[in-house]
1. Mind giving me the FRET efficiency for Lys97 and Asp168? R0 is 22 Å, r the Cβ-Cβ distance, nearest 0.05 is fine.
2. Just want to confirm a number: the relative contact order over the chain, from Cα pairs under 8 angstrom separated by 6+ residues, in percent.
3. Only Cα pairs within less than 10 Å get springs; with that Gaussian network setup on the chain, which residue of Ser116, Ser43, Ser108 has the largest fluctuation?
4. For region 323-332, just list the computed ³J(HN,Hα) in residue order, Karplus coefficients 6.51, -1.76 and 1.60, θ = phi - 60°, integers in Hz, with x standing in for Gly and Pro.
5. May I ask for the distance between the Cα centers of region 1-67 and region 294-329, given as a whole number of Å?
6. Round to a whole angstrom and tell me the spacing of the C-alpha centers of region 201-277 and region 123-166.
7. Determine ³J(HN,Hα), in whole Hz, for all residues of region 205-222 in sequence, where each value follows from phi through the Karplus function 6.51 cos²θ - 1.76 cosθ + 1.60 and θ = phi - 60°; x replaces Gly and Pro.
8. Which entry in (i) 28; (ii) 9; (iii) 14 is this structure's computed percent of Cα pairs over 38 Å apart?
Amino acid sequence: MATSVSRAPVVAHEFGAYVVSATANGRLFGVAFGDGMVRLIDSEILDAKPVEVQAHVGAALCLAADIEKGAFLSGGDDGNLNKISALGAVEVVAEHKGRWVEHVTTHSGSGVRAYSVGKDAFVLGKQKTEPRKLTHATSVGGLAINPKGRRLAVAHYGGVSLWWLAQDSPPALLPWKGSHLQTVWSPDGDYVVTAMQENALHGWRLSDNEHMRMSGYGAKVRSAAFGRRGHFLATGGAESVICWPFTGGGPMGKAPFEFGGAGGAPCTAVAANPEMDVFAAGFEDGSVIVGQPGPKAAMLIIMGGGSPVTALCWNPDGDRLLAGTEAGDVNIADFRA
């Protein structure tokens with residue numbers, strides 16, 4: 001695929017620890033690291049010193065934008081779910097000593113926080129009450145709240161359980177054999193898709209319970225993101241960015257679109273721009289591109305530095321892009337310049 005070079009300037013940081021996750025809450029980027037640190041970076045003042053927070057004793061395992069503006073939720077292998085304020089103050093939200101908090105997700109509109117420990121998912125509302133505990137037969141592999149903030153999808157071995165957040169009722173099961181991991185909802189809420197332990201995705205169309213099998217990957221799919229309008233699902237796991245069409249009933253029987261992939265390294269991370277119909281993609285060689293599904297040239301934003309990209313995140317305006325790597329490099333591309 002053709003690739004052109006972008007002139008977007010890049011602000012570079014070197015922190016020396018594995019970048020576990022990155023997300024944005026308002027003007028702040030939150031970045032979680034394998035040494036337990038969480039750093040807050042102001043997307044409006046890129047040359048400002050990041051706020052550094054020792055969030056966990058051990059590794060940070062997950063990170064999400066909190067329901068509180070400018071704050072973040074992080075989970076760690078110390079068993080803590082912590083809220084980190086915009087100023088860097090740490091508040092322990094939940095403790096599970098001797099266990100790992102592996103997944104966390106939130107929905108600001110409905111004021112819901114959800115996280116998982118082993119086979120259990122926990123749901124917390126705005127009020128400081130005991131969390132609702134949702135137990136599954138096997139370990140939780142992924143969590144996602146639907147766009148309206150009403151249902152929680154919990155991935156596990158054998159499929160996905162869909163829980164109503166406002167009702168204390170048994171879940172609906174979306175069955176499919178195998179181990180299901182990262183989970184995403186389409187923007188219209190009609191599709192749930194998981195990355196599986198093998199090199200494949202599986203999806204369900206909720207309106208009629210239709211199954212969707214997306215395979216042919218050369219590596220495990222570690223990242224997937226729907227575009228802002230839901231027309232495409234961009235995924236890693238191949239030498240190019242694989243984009244499945246979700247218009248006209250979904251991807252079954254349709255060939256995926258692709259972009260990028262000139263260097264031969266597998267795609268390891270993708271992120272959808274919140275304002276434009278483009279995706280960012282990071283690769284195992286450290287390079288980052290921005291492009292659209294189809295034959296148009298992708299823009300090379302960051303040259304490959306040898307360390308795999310492990311996290312990608314846009315700011316809410318879609319004009320600044322953060323990329324983190326396995327080696328602890330954090331690069332922010334500025335598309336306003």
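Taken together, the values in this text are just the output of simple stated rules run on the coordinates, not laboratory data. Every value quoted in this text rests on a predicted model; they were computed, and no experiment measured them. Glycine also receives a Cβ, built like all others from the backbone with ideal geometry; neighbour counts cover every protein chain displayed.
1. 0.20
2. Across the chain, relative contact order equals 15 percent.
3. Comparing Ser116, Ser43, Ser108 in a Gaussian network model of the chain, the most mobile one is Ser108.
4. With the stated coefficients, region 323-332 comes to 10, x, 10, 4, 7, x, 7, 10, 10, 10 Hz.
5. That distance is 12 Å.
6. Cα centres, region 201-277 to region 123-166: 24 Å.
7. 9, 6, 5, 9, 6, 6, 8, 9, 10, 10, 10, x, 7, x, 8, 5, 7, 9
8. Computed from these coordinates, percent of Cα pairs over 38 Å apart corresponds to label (ii).
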